[in-house]
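Engineer: Sharing a structure below in structure tokens format, with a few things to ask.
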């Protein structure tokens, strides 16, 4: 469960869209929220870092005070009543400091909007969601600035009797399965007191005669698809999902207030197949939830040594394209001080 939730803010209303979602999770989990603001020095705007002539410690101190006053005002919002709150202001590169706060506070979850606006001078959240998700050791729930927000048990007005439903993208690897338990906890928290639904979706990439394709390759002709291999892959996926669902129902999710379903989705492009399965239910067979879901979850590994198609590039492609909230679960490694590689990402 999510007991300590970090919400990075930058003074913009778009970044503040994370607050009601985090509050709903905290209420359900009896958890607390760390409201985090980063003051950058020098002035950082998006991916551009601008050195300010005449920049002084006085102006930095002033910005820190502005941030503290801003967080104090946020803490008085009615939707946060009854939730344990901590306000934290840090200075430095945004993504690094979010990760530092996550480690220091032993956070279980980060909830943030994918694009913040420049609400204050030198107080910028910007588009750092990919950087944080890539290196975070806690799950990261990324909300879309123009997307839907799961702030009620029944968030879809077109299907008012269907509780919060999430797709978990799987590829048959143990790495992909790392998203299952965090996604289950998130769905139960967001759906409470209703019974949410977790849909296990195995993405089968269409096999091509004469060789493998990568997750983003297209096909010049349907005739290139190896039909026999495709049928075998679908059957293998069905067997895998059926066994995994039975294991969860009889084991770790036995007493969970959660409905489990499964489905197979077939596509030429992994990221596109995941998005379609989650948003519309397109190309989903068998026991899938008709019409799409409210959020999607995926486990990722940012670098080499990958199994199947799970990778940072697939995750980031989805994050840049989906309109749904996205739960990203990274590798279970001890977070250390951000490396020069990440520092380079901050200014690239």
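The values are calculated or read from the model by the stated rules, or taken from the named source; none is laboratory data. Keep in mind that what you see is a predicted model, and the values were worked out from it rather than measured. Quick reminder, even Gly has a Cβ in these numbers, built from the backbone with ideal geometry, and neighbours come from all protein chains shown.
Engineer: Given the structure, is residue 31 under 29 Å from residue 295 (Cα atoms) and modelled with pLDDT under 95?
Structural biologist: No.
Engineer: Let me ask another. Look at residue 150 and say whether it is in a loop (DSSP other than H, G, I, E, B), at pLDDT below 95 and touching a helix residue (DSSP H, G or I) at 6+ places or on another chain (Cβ under 7 Å).
Structural biologist: Numbers: in a loop (DSSP other than H, G, I, E, B): yes; at pLDDT below 95: yes; touching a helix residue (DSSP H, G or I) at 6+ places or on another chain (Cβ under 7 Å): yes.
Considered against the rule, which asks whether it is in a loop (DSSP other than H, G, I, E, B), at pLDDT below 95 and touching a helix residue (DSSP H, G or I) at 6+ places or on another chain (Cβ under 7 Å), residue 150 comes out as yes.
Engineer: Further question: Failed condition for residue 116, given (1) in contact with a strand residue (DSSP E or B) (Cβ under 9 Å, 6 or more places away or on another chain); (2) surrounded by 18 or more Cβ atoms within 10 Å (Cβ to Cβ); (3) farther than 15 Å from residue 327 by Cα; (4) at pLDDT 80 or above, with all others met?
Structural biologist: Of everything listed in (1) in contact with a strand residue (DSSP E or B) (Cβ under 9 Å, 6 or more places away or on another chain); (2) surrounded by 18 or more Cβ atoms within 10 Å (Cβ to Cβ); (3) farther than 15 Å from residue 327 by Cα; (4) at pLDDT 80 or above, residue 116 misses just condition (4).
Engineer: Could you list, in sequence order, all residues of segment 150-165 that are crowded, with 18+ Cβ neighbours inside 10 Å and within 18 Å of residue 110 (Cα to Cα)?
Structural biologist: Matches in segment 150-165: 150 only.
Engineer: Also, I was wondering about something else. Is there any pair with a first residue in segment 307-331 that is assigned by TED's automatic domain parsing to the domain that holds residue 270 and farther than 23 Å from residue 150 by Cβ and a second that is at pLDDT 85 or above and surrounded by fewer than 23 Cβ atoms within 10 Å (Cβ to Cβ) whose Cβ atoms are under 7 Å apart and which are 6 or more apart or on different chains, and what are they?
Structural biologist: Partner pairs satisfying both residue conditions: 307/173; 307/175; 308/172; 308/173; 310/173; 310/175.
Engineer: Pick out the one residue from 169, 67, 95, 133 that is buried (at least 23 other Cβ atoms within 10 Å of the Cβ), modelled with pLDDT of 85 or more and assigned by TED's automatic domain parsing to the domain that holds residue 191.
Structural biologist: Working: 67 fails: assigned by TED's automatic domain parsing to the domain that holds residue 191; 95 fails: assigned by TED's automatic domain parsing to the domain that holds residue 191; 133 fails: assigned by TED's automatic domain parsing to the domain that holds residue 191.
Answer to the check: 169.
Engineer: Is it the case that some residue within segment 50-63 is crowded, with 18+ Cβ neighbours inside 10 Å, at pLDDT below 90 and out of contact with any helix residue (DSSP H, G or I) (no Cβ under 9 Å at 6 or more places or on another chain)?
Structural biologist: yes
Engineer: Report, by residue number, each residue of segment 250-271 that is in a helix (DSSP H, G or I) and loosely packed, with under 14 Cβ neighbours inside 10 Å.
Structural biologist: Of everything in segment 250-271, just one residue is in a helix (DSSP H, G or I) and loosely packed, with under 14 Cβ neighbours inside 10 Å, namely 250.
Engineer: Between 230, 238, which is part of a helix (DSSP H, G or I), surrounded by 14 or more Cβ atoms within 10 Å (Cβ to Cβ), at pLDDT below 85 and in the same structural domain as residue 282 (by TED's automatic domain parsing)?
Structural biologist: On the way: 238 fails: at pLDDT below 85.
The conditions single out 230.
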